[in-house]
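**Student:** Before I ask anything, here is the structure I am working with.
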Amino acid sequence: MVMEYRSLGRTGVQVSALCLGCMNFGDTNSGADEASSIQIVHHAMDAGINFLDTANVYGRGNSETFTGKALAIDGRRDRVFLATKFFNKMDDTDPNSWSSHRFHIVKACEDSLRRLQTDHLDLYQVHRPRPTIPIDETLRALDDLVRQGKVRYIGTSTFAAWQLTEALWAAKELGLNRFICEQPPYNLLDRRIERELIPFCRTYGVAVIPWAPIAGGLLSGKYRLGQERPAGARYEKGAFNNRDNDRALERVEQYVALCTELGVAPAELALAWCVGRDGITAPIIGPRNMEQLEAYLASLKVTVTADVSARLDGIFEPGTHVSNYYTADFGPNARWC
């Protein structure tokens with residue numbers, strides 16, 4: 001297996017075609033402990049992955065702490081493009097411990113730098129949009145961090161195309177650093193971003209770093225229509241109804257049958273499909289153990305032919321969200337998760 005490297009949007013920075021997501025590090029609900037997290041990071045880097053993504057809210061700081069410890073060993077920090085995110089609540093008693101205003105952004109950045117044991121973040125991302133905060137408030141704070149050398153690039157997660165348009169306009173008007181990437185949900189079950197977001201990003205050189213490429217495990221084949229959920233699985237007790245319902249599982253049944261015919265593991269085909277889509281930079285994988293990491297890496301050996309792609313389109317219609325196909329909201333108030 002040879003790792004492919006791609007340009008991160010218009011920046012020219014070369015990142016691996018798979019991004020190691022660290023969300024499960026330090027997760028108290030069956031996530032990876034410190035030793036396992038370090039092992040996963042090191043093995044991923046040995047396989048050629050040089051792009052890591054975490055967030056301050058993951059494990060309320062545990063993920064960043066474990067990631068920082070892994071990168072501090074043998075000088076690995078300088079060999080990766082390190083991304084983290086801010087926005088979500090970090091303290092249940094402090095009303096300013098979240099959001100996208102300057103007061104929180106500056107403190108959140110300092111806290112992340114400390115936990116990650118680094119003097120700079122290669123990519124700092126707004127974890128969710130918040131329309132009640134003017135985008136120039138957010139951009140000015142992030143621009144200051146870039147000019148101070150604490151952040152190299154800035155990005156977003158789950159922003160709609162119109163919100164990114166507003167942000168690019170504001171950055172140009174005010175002479176501020178612009179967002180260089182967007183991190184949306186994208187998988188065979190949820191293809192909404194094909195309608196507007198991907199065309200927008202391709203036009204303006206914005207990298208696309210999708211999360212949930214196997215739909216939180218729904219495309220792995222472990223969840224089957226009418227069957228008991230595997231003990232200890234992420235969706236053992238179900239997930240959000242707009243993701244995990246009979247309509248989605250009916251399509252999964254068709255999908256698993258196709259994978260059986262092709263002789264490929266469902267998770268591997270789903271990830272390979274995402275990696276190969278036009279406009280996609282690097283899907284985020286989130287292994288909880290070494291077995292899952294190996295399965296994700298194996299997807300790089302899978303080729304999705306034009307015929308297979310057409311058959312997948314027959315099961316999962318382009319531009320739609322299968323799980324809530326009849327009630328999907330594609331407007332400005334659409335909920336991505």
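**Student:** Would you be able to say whether some residue in the stretch 204-215 is under 15 Å from the mean Cα position of the chain (by Cα) and over 29 Å from Leu139 (Cα atoms)? Steps first, answer last, please.
**Tutor:** To start, the set of residues in the stretch 204-215 that are under 15 Å from the mean Cα position of the chain (by Cα) comprises 206-215.
Still in the running and over 29 Å from Leu139 (Cα atoms): 214-215.
Among the residues of the stretch 204-215, at least one is under 15 Å from the mean Cα position of the chain (by Cα) and over 29 Å from Leu139 (Cα atoms), which makes the answer yes.
**Student:** Could you please give the count of residues in the stretch 112-131 that are touching a residue at least 40 places away in the same chain (Cβ under 8 Å), within 20 Å of the chain's Cα centre (by Cα) and not in a helix (DSSP H, G or I)?
**Tutor:** First, pick out the residues of the stretch 112-131 that are touching a residue at least 40 places away in the same chain (Cβ under 8 Å): 112, 115-118, 122-128, 130.
If we keep only those that are within 20 Å of the chain's Cα centre (by Cα) as well, we get 112, 116, 122-128, 130.
Next, only the ones that are not in a helix (DSSP H, G or I) stay: 122-128, 130.
Total satisfying the criteria: 8.
**Student:** Might you check whether a residue that is outside any loop (DSSP other than H, G, I, E, B) and farther than 19 Å from Pro287 by Cβ occurs anywhere in the stretch 58-71? Even if it seems obvious, please write down each step before you answer.
**Tutor:** We begin by selecting, within the stretch 58-71, every residue outside any loop (DSSP other than H, G, I, E, B); these are 58-71.
Add one more test, that the residue is farther than 19 Å from Pro287 by Cβ, and what stays is 60-61.
Scanning the stretch 58-71, I find at least one residue that is outside any loop (DSSP other than H, G, I, E, B) and farther than 19 Å from Pro287 by Cβ, so the answer is yes.
**Student:** Please specify each residue of the stretch 289-303 satisfying the condition of being farther than 15 Å from Pro213 by Cβ and touching a residue at least 24 places away in the same chain (Cβ under 8 Å). Spell out how you get there, then give the answer.
**Tutor:** Initially, the stretch 289-303 is screened for residues farther than 15 Å from Pro213 by Cβ, giving 289-291, 294, 301, 303.
Result: Asn289, Met290, Lys301, Thr303.
**Student:** Another question, then. Scanning for something closer than 21 Å to Met290 by Cα and modelled with pLDDT of 95 or more, does the stretch 88-105 turn up at least one residue? Walk me through it before giving the result.
**Tutor:** As a first pass, look at the stretch 88-105 and keep what is closer than 21 Å to Met290 by Cα: none.
No, the conditions are met nowhere in the stretch 88-105.
So that you can scan it fast, the table gives a plain yes or no per residue for (1) out of contact with any Leu (no Cβ under 9 Å at 6 or more places or on another chain); (2) surrounded by fewer than 21 Cβ atoms within 10 Å (Cβ to Cβ):
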position	(1), (2)
Leu116	no, no
Leu121	no, no
Val126	no, no
Pro134	yes, yes
Leu139	no, no
Gly149	yes, yes
Arg152	no, yes
Gly155	no, no
Phe159	no, no
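**Student:** May I pose another question? For Ala267, state whether it is modelled with pLDDT under 95, among the small types (Gly, Ala, Ser), surrounded by 17 or more Cβ atoms within 10 Å (Cβ to Cβ) and touching a helix residue (DSSP H, G or I) at 6+ places or on another chain (Cβ under 9 Å). Steps first, answer last, please.
**Tutor:** Details: modelled with pLDDT under 95: no; among the small types (Gly, Ala, Ser): yes; surrounded by 17 or more Cβ atoms within 10 Å (Cβ to Cβ): yes; touching a helix residue (DSSP H, G or I) at 6+ places or on another chain (Cβ under 9 Å): yes.
Here the answer is no, as Ala267 does not meet what is asked.
**Student:** Can you tell me which of (1) modelled with pLDDT under 95; (2) touching a helix residue (DSSP H, G or I) at 6+ places or on another chain (Cβ under 6 Å) is the one Ala17 doesn't meet?
**Tutor:** Ala17 satisfies every listed condition except (1).
**Student:** Scan the stretch 91-111 and give yes if some residue there is of a type outside the set (A, V, I, L, M), touching a residue at least 60 places away in the same chain (Cβ under 8 Å) and either assigned to a helix (DSSP H, G or I) or surrounded by 21 or more Cβ atoms within 10 Å (Cβ to Cβ) (or both), otherwise no. Don't jump to the end; show me each part of the working.
**Tutor:** Let us first name the residues in the stretch 91-111 that are of a type outside the set (A, V, I, L, M), namely 91-104, 107, 109-111.
Subset that is touching a residue at least 60 places away in the same chain (Cβ under 8 Å): none.
No, because not a single residue in the stretch 91-111 is of a type outside the set (A, V, I, L, M), touching a residue at least 60 places away in the same chain (Cβ under 8 Å) and either assigned to a helix (DSSP H, G or I) or surrounded by 21 or more Cβ atoms within 10 Å (Cβ to Cβ) (or both).
The values are calculated or read from the model by the stated rules, or taken from the named source; none is laboratory data. Not measured: the values here are computed from a predicted model. Backbone-built Cβ (ideal geometry, glycine too); neighbour counts: all protein chains shown.
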